[in-house]
Amino acid sequence: MNSSFDMTPPYVRGIAQQVHTLGAILDSPIPDDVCHLVRDRLARYSGIVFTGMGSGPFASYPAWLRLVSAGVPAWIVETAELINYAPGLLTPDKLLVVVSQSGESAEVLALLDTLGPKRPAILAVVNNLSSPLARSADVVYPLHVGAAREDTAGTGTYINTIVAGARLVDAALGEDHSADFTPAVSEVRRYVEALDDHLDVARPLELASRTFVVLGRGPSLASARTGALLVKEAGKVHAEALATSEFRHGPLDLVDDRFTAVMLAGARATAPLNRRMAQDILDRDGQVLWVGPGEGPGVNLAAPALTGAARPIAEILPLQMLSVASALDNGLQPGAFRHASRVTRVL
């Protein structure tokens with residue numbers, strides 16, 4: 001990035017610093033006790049429950065997909081819904097994977113209070129190693145994101161949770177997707193070194209004045225949902241995330257000349273379906289922003305060249321830049337909170 005880096009808002013600096021936080025988790029092997037617990041629970045018990053708030057459940061989605069595709073019983077339930085409406089999943093024969101940057105949000109504290117002596121084993125995927133969650137967990141997988149600001153939307157937690165989830169599933173299934181992440185640091189570095197150029201592409205799109213939807217399939221839904229959250233949280237523009245197939249069942253009628261869809265090309269098997277949807281939106285006078293390898297319909301947004309388990313890392317970076325552009329369109333500092341905070345302390 002250019003010499004204006006030090007003058008940029010903390011949120012934008014956080015986007016650039018993801019190259020370092022990603023490197024930190026990739027350079028740190030998955031803890032042995034985490035591997036042992038995951039293998040033991042799958043061998044002898046009845047499934048895995050992923051939970052968290054914010055982007056936590058979204059970032060767990062690729063891991064969940066791999067597990068259920070392999071026939072492993074697994075659930076993703078937002079923590080507030082889990083404790084209030086699905087406590088029957090919190091049984092001793094489960095592994096409970098709790099994803100939380102802070103480890104001390106109101107929902108996490110309520111979850112820990114809910115659990116009695118006959119509780120699931122807890123695997124905390126957490127950044128704050130002195131938090132109540134980290135202290136209560138049976139094992140901890142550190143996120144290595146560094147210190148978090150209370151007044152600014154976060155960035156690196158999503159990317160590092162993608163890495164942690166992939167490694168957890170590798171341990172559970174006896175697989176190895178580490179090669180997918182080999183180019184990740186260099187690709188992310190190349191992207192963040194050109195943040196100003198990416199912003200120059202995003203600013204003329206005038207997202208603040210448009211109906212805004214992020215579409216994807218499979219593991220890309222993790223980035224679609226997290227990206228839409230960031231556009232709302234950091235950009236103060238309403239954005240909705242939908243599965244591409246879901247969008248055709250009704251929401252397609254939203255499309256007009258004020259409509260923008262970010263289309264995540266995703267895996268090779270379903271990319272042609274996404275391409276067809278993108279063209280259908282263009283044919284109805286909508287705007288399409290294509291994120292994926294090769295030329296796609298509409299405006300093509302640059303992204304790191306990552307595939308497989310690492311693809312969600314590539315997809316989130318252009319969406320982070322769209323959140324910056326959205327805030328600037330509104331005359332606001334990107335990522336600065338108006339009403340929320342980094343750690344939610346009220347149920």
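Across the accessible surface of the chain, with the other protein chains kept in place and a 1.4 Å probe, carbon and sulfur atoms take up 51 percent. Let me make sure I get this right: for the range 148-209, a, b and c are the square roots of the gyration tensor eigenvalues over alpha carbons, sorted descending. Under 1.5 in a/c it's rounded, otherwise prolate if a/b > b/c, else oblate. Which is it? It is prolate, given that a/c is not under 1.5 and a/b is the larger ratio. Residues whose amide H falls under 5 Å from that of Ala74, counting only those 5 or more places apart or on a different chain, are Ile48, with hydrogens built in the peptide plane. Two decimals is fine: what is log10 I(q)/I(0) at q = 0.16, 0.17, 0.27, 0.29 Å⁻¹ for the range 197-258, from a Debye sum with one equal scatterer on every Cα and no solvent? Debye output, listed in q order: -0.57, -0.64, -1.20, -1.23. Beta bridges assigned by DSSP with both partners in the chain are antiparallel in approximately 5 percent of cases. Rounded to 0.05, the FRET efficiency of the Ser178 and Glu246 pair, given R0 = 51 Å and the Cβ-Cβ distance, is 0.95.
So what is the 222 nm mean residue ellipticity for the chain from helices alone, if each DSSP H run of at least 4 adds -39500 (n - 2.57) and you divide by all residues, rounding to the nearest 500 deg cm²/dmol?
Taken over the chain, the calculation gives -13500 deg cm²/dmol.
Just to be sure I understand, if you calculate Rg and Dmax of the Cα atoms in Å for this structure, which of (1) 20.9, 72; (2) 18.4, 56; (3) 19.5, 58 do you get? Working out Rg and Dmax of the Cα atoms in Å from the coordinates points to (3). Between rounded, prolate and oblate, where does the range 1-154 land on the alpha carbon gyration tensor, with a ≥ b ≥ c its root eigenvalues, rounded for a/c under 1.5, else prolate if a/b exceeds b/c? Cα axes put the range 1-154 in the prolate bin. Note on Phe337 and Ser46: their simple-model spin labels are 3.9 nm apart, each label 7 Å out from Cα toward Cβ. Residue ranking by accessible heavy-atom surface, 1.4 Å probe, largest first, among Lys232, Lys94, Lys118 comes out as Lys118, Lys232, Lys94. Can you bin the range 263-347 into rounded, prolate or oblate? Criterion: square roots of the alpha carbon gyration tensor eigenvalues sorted a ≥ b ≥ c, rounded for a/c under 1.5, prolate for a/b above b/c, oblate for the rest. Cα axes put the range 263-347 in the prolate bin. Between the amide H of Val262 and those of Val213, Val214, Leu215, Leu289, distances stay under 5 Å, these residues lying 5 or more places away or on another chain, with hydrogens modeled in the peptide plane. For the range 19-112, the solvent-accessible area of protein heavy atoms averages 40 Å² per residue (probe radius 1.4 Å; ligands and nucleic acids excluded). For the range 1-90, the Cα-based Rg and Dmax, in that order, read 18.0, 55 Å.
Remark: relative contact order (the chain) = 21 percent; criterion is Cα-Cα distance under 8 angstrom and separation of 6 or more residues. Projected onto the charge dipole of the chain (+1 at Lys/Arg Cβ, -1 at Asp/Glu Cβ, origin at the Cα centre), which of Asn300, Gly52, Tyr11 gives the Cα projection farthest towards the positive end? With unit charges placed on the Cβ atoms, the residue in question is Gly52.
Relative to the longest principal axis of the Cα atoms of the chain, the long axis of helix 311-329 lies at roughly 50 degrees. In the range 99-171, the C-alpha radius of gyration followed by the widest Cα-Cα span (Dmax) gives 12.6, 38 angstrom. The slack between Glu81 and Arg203, meaning 0.36 nm per residue of separation minus the straight C-alpha distance, is 40.2 nm.
The values are calculated or read from the model by the stated rules, or taken from the named source; none is laboratory data. The structure displayed is predicted, hence computed values, not measured ones. Positions of Cβ are generated from backbone atoms using ideal geometry, with glycine treated the same way; all protein chains shown enter the neighbour counts. Ligands, DNA and RNA are excluded from the accessible area calculation, which covers all protein heavy atoms including side chains. Shrake-Rupley method; radii C 1.70, N 1.55, O 1.52, S 1.80 Å.
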